[in-house]
1. If you scan region 61-75, which residues turn out to be out of contact with any helix residue (DSSP H, G or I) (no Cβ under 7 Å at 6 or more places or on another chain), surrounded by 13 or more Cβ atoms within 10 Å (Cβ to Cβ) and part of a loop (DSSP other than H, G, I, E, B)?
2. Does His410 fit the bill of being at pLDDT 95 or above and over 22 Å from His10 (Cβ atoms)?
3. Assigned by TED's automatic domain parsing to the domain that holds Ala131, of a type in the set (A, V, I, L, M, F, W, C) and not in a loop (DSSP other than H, G, I, E, B): is that true of Leu252 in this structure?
4. Under the condition of being of a type in the set (A, V, I, L, M, F, W, C) and either part of a strand (DSSP E or B) or outside the structural domain of Phe126 (by TED's automatic domain parsing) (or both), which residue from region 80-112 is nearest to Gln8 (Cα to Cα)?
5. Hey, among Val350, Val338, which residue is assigned by TED's automatic domain parsing to the domain that holds Leu252 and in contact (Cβ under 8 Å) with a residue 60 or more places away in the chain?
6. Can you report the number of residues in region 174-197 which are at pLDDT below 75 and under 19 Å from the mean Cα position of the chain (by Cα)?
7. Taking region 372-422, which residues are out of contact with any strand residue (DSSP E or B) (no Cβ under 9 Å at 6 or more places or on another chain), within 21 Å of Pro289 (Cα to Cα) and of a type in the set (Lys, Arg)?
8. Among the residues of region 30-51, is any crowded, with 16+ Cβ neighbours inside 10 Å, assigned to a loop (DSSP other than H, G, I, E, B), hydrophobic (A, V, I, L, M, F, W, C) and without any contact (Cβ under 8 Å) to a residue 60 or more places away in the chain?
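The values are calculated or read from the model by the stated rules, or taken from the named source; none is laboratory data. Predicted model only: the values in this text are computed from it and were never measured. Positions of Cβ are generated from backbone atoms using ideal geometry, with glycine treated the same way; all protein chains shown enter the neighbour counts.
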Amino acid sequence: MVLPLPEQGHVTPLMELSHRLVDHGMEVTFVCTERTHALILGGLGHRTNGYEALGGIQLVAIPDGLADGDDRRDISKSLAGLSWSIRGHVEELIRATKVKWLVADATVVGMCYEVAKKLAVRIACFSPMPAAYLGTLLRIPELIADGFFDDNGIPKRQGAFLLAPNTPPLYTAHVPWGVAGGPEVQLTFFQNASRNAQAARLADMVLCNTFHDAEAVAFELYPEILPIGPLFADGKTVGQFLPEDTRCIKWLDAHADNSVVYAAFGSTTVFDPSQIQELAEGLELAGRPFLWVVRPDFSSGFGGLRKAWFDEFENRTAGKGMVVSWCAQQQVLAHRAVGCFLTHCGWHSVLEALRNGVPMLCWPYFFDHFTIRSYISDVWRTGLAMSPGEDGAISKEEVSTMVERVITDHVIGERARILGDAACRSLAKGGSSYENFQKFVNILKATL
């Protein structure tokens, strides 16, 4: 049984892992909320047979624990509802399906650990986040003892700290429980993070969607974490929430190598209309061909902007740029024409870029994005970071200037290609991720 957090950046890597397990003869039940279940089936488009389209993965829906009128963008409320639902419904599913192993997302493993252990089910904790970020969870007691946080997870110091030399800085405002809201919301998230950390420490295995060369120091600190990434499932359905616009691949075919700026900000990033406009005008000002993913809910006030200004922008840049609502990102990043990835620094997106040796321009949004930005711009040096103005916004001039710097910096491009080669070696026979995954499969087969 596989249990993700019901968000795109968590569903996709766990779906990719599920495909790998099916390829090795495992029967996989993929548990998601009813809303996520509907989004995945909707994302399949014309492929109505979900079981066949998902390569034999059995998709099962459970309630999200919220009432019909509840705001599902309220993270605190969604977390509380999910916790309640998982504890009850996962137990029912385990009893009904005679599950032997539960692969649980590191962000929900604390919700299901006790139930699984009560039913003698083994647990593999899977992190779709960097190993360094997972390490922050595992070191919560030490971070409290060292005076970075109090017993309720409230920062006692402001700014950044290092888990060890040569690791990306971690920011007290961007830890896994650092969310906007009052003290009660903060405490709820900290308690959930602490439960997840305790469950991860007690899990039978701890897996991470990363590879050794990307986070070598983290694996010295946390040898119990096994890297098995970058996970991918080329040509297979991986649970996209929106239908993919495939026209962009043909559009990319018409462009020169390393000439296109690909801009995409994941499934949850939301910009206000003024920032959308600065981004759009910055892409136009750069003068480079661009492919831009703009979700229907990308802006907090998109309606008026889209009807008037944005339509004019699309018409004005029709010969230079292409705007889509969603795309097959792995296929796009593997395309020879893409020379720069303007990204929100979601870990799965970054791994897709790394595997294909694509330089990145960083525009982090929340949580682990800031740690990942530091990896890209300071540790790996395979990209650059945007610099916001005093008002916190990114100007069109900054967008244009930084796009040009990344796409023309051949040293950055070479570093990206070298790290991409390392990612591919880790997945090849004899590579560390390959061997770790084989170890996991062998343990599964020996205990089923």
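1. Asp74
2. Spelling it out, His410 is indeed at pLDDT 95 or above and over 22 Å from His10 (Cβ atoms).
3. no
4. Ala104
5. Val338
6. Residues that pass the stated criteria total 3.
7. Lys396
8. No, because not a single residue in region 30-51 is crowded, with 16+ Cβ neighbours inside 10 Å, assigned to a loop (DSSP other than H, G, I, E, B), hydrophobic (A, V, I, L, M, F, W, C) and without any contact (Cβ under 8 Å) to a residue 60 or more places away in the chain.
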